[in-house]
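Input: a single structure, listed below in structure tokens.
The values are calculated or read from the model by the stated rules, or taken from the named source; none is laboratory data. From a predicted model like this one, the values you see are computed outputs, not experimental measurements. Backbone-built Cβ (ideal geometry, glycine too); neighbour counts: all protein chains shown.
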Amino acid sequence: MLVLGIESSCDDTAVAIVEDGRRVRSSIVSNQANLHAKYGGIVPEVACRAHYETIVPLIHQALEEAGANLGQIDGIAATNRPGLVGSLYVGLSAAKALAWALKKPLAAVDHIEAHIYANYMVHENIEFPHVSVVVSGGHTDIFMSETPVKHTLITRTLDDAAGECFDKVAALLGIGYPGGPAVQMASLGGNRDAINFPRGDGGPDGTQISFSGLKTAVLNDLKKRGFVVEASRNSGRALRPGTPDPRMFGETRTLNVRLPLSDIAASFQEAACDIIVRATLASTRRARTRGVVLAGGVAANKRLREKMADACDANKKMAFFHPPAELCTDNAVMIAGMGFHLLRLGRADPLTVDVMPNKEERQLKASIGTT
Ligand code: KG4
Ligand code: ZN
């Protein structure tokens, strides 16, 4: 079965063609980072227009690279939740048009569930139930996963998402966006024990997640070392979670050229990873599960993978899985894979299916679990 997947929930337009839920025939990701850079964050209208201009050429390119034509597509999948409303509409509308014209079934996919699903596409030996840790630019959620489509929330961040924290700290350090890869790169050769940044205490059972104390500690440390934080002239613009917010930090510039940037980056990365690993282990205790699945853009972080693997190994050799880096950050392969799974279960959506952009709607869904 050949499924064409479309992802457009934020600032990546992606199209993929996947055979039988596993074999990737083509995968294209078009990133808009350059378009938004001059605004200091994602501008929803700009994102929406860029998706609109890119989506049809990308579909053609994905078909060509897969050596397939539209007549051979058996199903269409697209992200319809959560994300930016206009961006979601572009991808979902393109998917609906294809499904209608080709008379093929449509699956509307949850972006967060799809991040987790990326693991099932590449690992055959994942046992249920397990804990799923989704760490991305917009989310830091830990679920108990009973099936590939049944995830019940255990805990989520009280403030920033993990990727958002990496992005904001990278903005403070002036090392670029997206911040995760920039921090990872800047950490190379740094001393991760140089600064003992706060990790919080994880709350009564260790599942509590918060990154705002860590972010503030980095800011204070930089001030102490001669970084200047000025009031920003940027105001009133809508920014995506996970995007450095100049209204919060102002503009930063380095006054002390001998600042041990790699030490600060490595120490921050170590603390951020410790917060995620602690909440993960506590969640496995609470859910009484013996497996961990890591997903989302921050799952591409090498130090996080290393620390999570060590922690799971030390915990009576608990199983640990993560996707390859290209399936951690936003992509349409995971959407096609999840779509294949839903269509095989007979869970196609009607062409009236709508987008569901909000976190509130997701929270409601999380509290009742998916079926
Ligand atoms: O899953 P994703 O592509 O988009 C969302 O659904 O949000 O995640 C993007 C986030 C960004 O915040 C980015 O900085 C972070 O993932 N990220 C990383 C790494 N690669 C991407 N964070 C830490 N280390 C990385 N290597
Ligand atoms: Zn994502």
PHE197: passes all of (1) assigned to a helix (DSSP H, G or I); (2) in contact with a helix residue (DSSP H, G or I) (Cβ under 8 Å, 6 or more places away or on another chain); (3) within 15 Å of ILE276 (Cβ to Cβ) but (1)
Taking the stretch 312-352 and keeping only residues that are more than 19 Å from ASN119 (Cα to Cα) and surrounded by 20 or more Cβ atoms within 10 Å (Cβ to Cβ), one is left with ASP349
Residue hits (the stretch 309-336; in contact with a strand residue (DSSP E or B) (Cβ under 6 Å, 6 or more places away or on another chain) and either more than 12 Å from ligand 1 (Cβ to nearest atom) or of a type in the set (A, V, I, L, M) (or both)) are ALA309, CYS312, ALA319, PHE320, PHE321, ALA332, VAL333, ILE335, ALA336
For the stretch 288-320 the number of residues that are out of contact with any Leu (no Cβ under 7 Å at 6 or more places or on another chain) and polar (S, T, N, Q) is 2
Reported set for the stretch 307-352 where residues are β-branched (Val, Ile, Thr) and either at pLDDT below 95 or under 16 Å from HIS111 (Cα atoms) (or both) is THR329, VAL333, ILE335
Here the qualifying pairs (Cβ atoms under 6 Å; residues six or more apart or on different chains; first in the stretch 333-352 and under 17 Å from ILE28 (Cα atoms); second assigned to a helix (DSSP H, G or I) and basic (Lys, Arg)) come out as none
Note on the stretch 147-166: residues within 24 Å of LEU345 (Cβ to Cβ), in contact with a strand residue (DSSP E or B) (Cβ under 8 Å, 6 or more places away or on another chain) and not β-branched (Val, Ile, Thr) are HIS151, LEU153
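What is the residue count in the stretch 128-137 for residues that are in contact with an Asp or Glu (Cβ under 7 Å, 6 or more places away or on another chain), part of a loop (DSSP other than H, G, I, E, B) and surrounded by 24 or more Cβ atoms within 10 Å (Cβ to Cβ)?
1
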From the option list VAL46, VAL3, VAL15, single residue qualifying as of a type outside the set (Asp, Glu), free of Cβ contacts under 8 Å to residues at least 40 places away in the same chain and either within 20 Å of VAL353 (Cβ to Cβ) or in contact with a Phe, Trp or Tyr (Cβ under 9 Å, 6 or more places away or on another chain) (or both) is VAL46
Check your understanding: Just wondering, is there one or more residues in the stretch 138-148 that are assigned to a strand (DSSP E or B), of a type in the set (Phe, Trp, Tyr) and within 16 Å of ligand 2 (Cβ to nearest atom)?
Key -> yes
The number of residues in the stretch 18-39 that are closer than 14 Å to ALA50 by Cβ and of a type outside the set (A, V, I, L, M, F, W, C) is 7
The one condition LYS103 fails out of (1) more than 23 Å from the chain's Cα centre (by Cα); (2) touching a residue at least 60 places away in the same chain (Cβ under 8 Å) is (2)
Being more than 13 Å from ligand 2 (Cβ to nearest atom) and in contact with a Leu (Cβ under 6 Å, 6 or more places away or on another chain) narrows VAL122, VAL133 down to just VAL133
Within the stretch 1-41, the residues that are in a loop (DSSP other than H, G, I, E, B) and buried (at least 24 other Cβ atoms within 10 Å of the Cβ) are SER8, SER9, CYS10, ASP11
When the stretch 284-310 is checked residue by residue, the ones that are over 20 Å from ARG156 (Cα atoms) and either crowded, with 24+ Cβ neighbours inside 10 Å or among the small types (Gly, Ala, Ser) (or both) are ALA309
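In the stretch 138-147, is there at least one residue being of a type in the set (Asp, Glu) and within 15 Å of ligand 1 (Cβ to nearest atom)?
yes
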For the stretch 88-125 the number of residues that are surrounded by fewer than 17 Cβ atoms within 10 Å (Cβ to Cβ) and in a loop (DSSP other than H, G, I, E, B) is 4
From the option list PHE340, PHE320, single residue qualifying as under 22 Å from THR152 (Cα atoms), outside any helix (DSSP H, G or I) and of a type in the set (Phe, Trp, Tyr) is PHE320
GLY176 fails exactly one of (1) at pLDDT 95 or above; (2) within 16 Å of ligand 1 (Cβ to nearest atom); (3) part of a loop (DSSP other than H, G, I, E, B), namely (1)
